[in-house]
There are 2 protein chains.
Amino acid sequence: MSLRHALLAMLDAGAMTGYELAKTFDQSANRVWHATHPQIYTELRKLEREKLVAAREEPRGPQGKATKRAYTLTEAGYEELSRWVSTVEEPTLPRDATYLKATYFEYASPDIVREQFATHLAYHTEQLRRWEWHVEQLRSRGTDLMQRRLAEAPESRHAAIVAYKVHVYEGMAERARAEVAWAERGLALVDRLEQD
Amino acid sequence: MSLRHALLAMLDAGAMTGYELAKTFDQSANRVWHATHPQIYTELRKLEREKLVAAREEPRGPQGKATKRAYTLTEAGYEELSRWVSTVEEPTLPRDATYLKATYFEYASPDIVREQFATHLAYHTEQLRRWEWHVEQLRSRGTDLMQRRLAEAPESRHAAIVAYKVHVYEGMAERARAEVAWAERGLALVDRLEQD
DNA sequence: TGTTACATGTAAGTCGTTACATGATTAC
DNA sequence: GTAATCATGTAACGACTTACATGTAACA
């Protein structure tokens with residue numbers, strides 16, 4: 001049940017609409033927890049009913065025919081976020097389809113295996129680039145979210161706020177590096193097996 | 001929908017009961033895909049209805065009052081397994097509650113943060129030990145499952161069968177090492193932040 | 001006699017995906 | 001005018017979790 005906490009956490013940096021949250025989830029800094037837009041809209045309505053967030057309907061465009069709903073954390077929402085952060089999380093049990101499939105690669109042709117490793121390599125190379133970019137942004141405190149967050153916190157906490165996020169994103173970058181290396185060793189392995 | 005393929009893959013090494021499959025999933029070599037026992041029993045019945053596996057009811061114990069159901073792959077099941085292995089898997093989108101939580105560790109006390117990193121460290125140290133053990137077992141071809149699998153395959157494929165599994169388990173070991181290192185750096189970080 | 005392991009399920013509920021559906025606004 | 005983006009949802013289905021439920025067999 002971490003989706004709600006991911007949402008609460010992002011709203012802690014300031015008001016956002018469901019649309020913005022979906023964007024932030026999928027392409028930007030918070031690619032640690034994946035969620036689709038129907039899930040996000042549904043959960044936001046649920047959080048609103050539980051009074052953990054409050055919605056403000058805003059007109060959109062000059063005519064204001066369209067509206068959007070900007071959500072903010074309530075006091076109760078903030079407390080729930082703090083409570084959650086202060087409980088120890090059990091490690092996630094693995095469920096990795098690529099690794100599972102790779103266990104049985106002897107049933108596939110070398111070309112398919114190469115394609116699988118190449119896809120893995122391309123994906124995680126791109127991810128690595130993203131994470132490294134985010135670490136850089138964080139260190140120079142360049143992201144919007146970080147600016148907003150720091151503005152609302154006392155200066156004495158600034159170091160910790162940045163440091164933990166850098167630690168997470170560096171961890172994600174390390175993971176991506178491990179996947180890139182794994183895929184490269186995999187490609188070398190196919191070649192070796194084919195030569196025999 | 002990888003649970004079914006995980007089951008088909010394990011049955012490829014020979015007949016097994018739901019109970020044995022659940023054990024194998026959770027504590028032994030195939031800890032790449034997690035599943036609970038109700039899920040496994042349900043999916044096996046479904047696979048049976050779809051004729052991808054066949055069940056043989058066997059008596060258990062000397063009186064044979066109790067029974068167990070041993071499942072084997074059918075020809076169609078084997079074909080489905082081959083088909084699946086030959087399709088390229090899209091990378092899994094991340095959903096990691098520990099990393100998500102760590103992003104907001106500034107809201108937790110240093111002791112809670114230490115406890116979280118220590119839990120992470122202990123878990124992945126244990127996992128690393130397991131994966132390294134499995135790699136050793138595989139290399140010496142010592143596991144039951146591997147013996148059965150090799151017995152049914154032509155000798156020319158033996159190298160590939162072992163090599164791909166070693167590659168996967170080494171990848172899992174590398175991942176565990178990365179998590180151990182991440183948790184250790186995390187513990188050092190808390191200390192540093194507390195000193196300032 | 002009691003505990004652990006073996007063995008198999010059902011049922012209720014939550015979480016997550018995919019497809020469907022709608023309409024305004026912006027930029028070309 | 002038309003395409004992309006902004007913006008918000010519903011509905012159906014499938015995957016997964018947790019609690020409940022039952023009984024045999026082996027071992028001390």
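The values are calculated or read from the model by the stated rules, or taken from the named source; none is laboratory data. Not measured: the values here are computed from a predicted model. All Cβ positions, glycine included, derive from the backbone under ideal geometry; neighbour counts span all protein chains shown.
Tabulated data
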quantity	calculated
Meets criteria (more than 7 Å from chain A (Cβ to nearest Cβ), in contact (Cβ under 8 Å) with a residue 24 or more places away in the chain and either among the basic types (Lys, Arg) or under 24 Å from A:VAL180 (Cβ atoms) (or both)) for B:ARG130	yes
Elements of type helices (runs of 4 or more DSSP H) in the range B:3-102, at least 2 residues being under 19 Å from the mean Cα position of the chain (by Cα)	B:3-11, B:18-27, B:37-49, B:75-85
Single condition A:ARG114 does not satisfy, out of (1) in the same structural domain as A:ALA176 (by TED's automatic domain parsing); (2) in contact with a Phe, Trp or Tyr (Cβ under 9 Å, 6 or more places away or on another chain)	(2)
Hits in the range B:73-102 - residues which are closer than 30 Å to B:LEU189 by Cβ and either surrounded by fewer than 21 Cβ atoms within 10 Å (Cβ to Cβ) or charged (D, E, K, R) (or both)	B:PRO91, B:THR92, B:LEU93, B:PRO94, B:ARG95, B:ASP96, B:ALA97, B:LYS101
Among residues of the range A:96-120, those that are farther than 13 Å from A:GLU194 by Cβ and at the interface with another protein chain (Cβ under 7 Å from one of its Cβ atoms), counted	14
Hits in the range A:24-44 (condition: free of Cβ contacts under 8 Å to residues at least 24 places away in the same chain and within 15 Å of DNA strand C (Cβ to nearest atom))	A:PHE25, A:ASP26, A:HIS34, A:THR36, A:HIS37, A:PRO38, A:TYR41, A:THR42
Candidates A:HIS134, A:HIS120, A:HIS158, filtered to the one that is crowded, with 20+ Cβ neighbours inside 10 Å and either modelled with pLDDT under 95 or not in a helix (DSSP H, G or I) (or both)	A:HIS134
Candidates B:LEU47, B:LEU81, B:LEU7 - the one that is out of contact with any Pro (no Cβ under 7 Å at 6 or more places or on another chain), within 13 Å of DNA strand C (Cβ to nearest atom) and within 14 Å of another protein chain (Cβ to nearest Cβ)	B:LEU7
Whichever residue in the range B:20-33 is away from every other protein chain (no Cβ under 11 Å) and touching a Phe, Trp or Tyr at 6+ places or on another chain (Cβ under 9 Å) and, among such residues, is farthest from DNA strand D (Cβ to nearest atom)	B:LEU21
Residue list for the range A:50-67, restricted to those being within 13 Å of DNA strand C (Cβ to nearest atom) and at pLDDT 95 or above	A:GLU50
Qualifying residue in the range B:57-80 (condition: in contact with a Leu (Cβ under 6 Å, 6 or more places away or on another chain) and within 16 Å of DNA strand D (Cβ to nearest atom))	yes
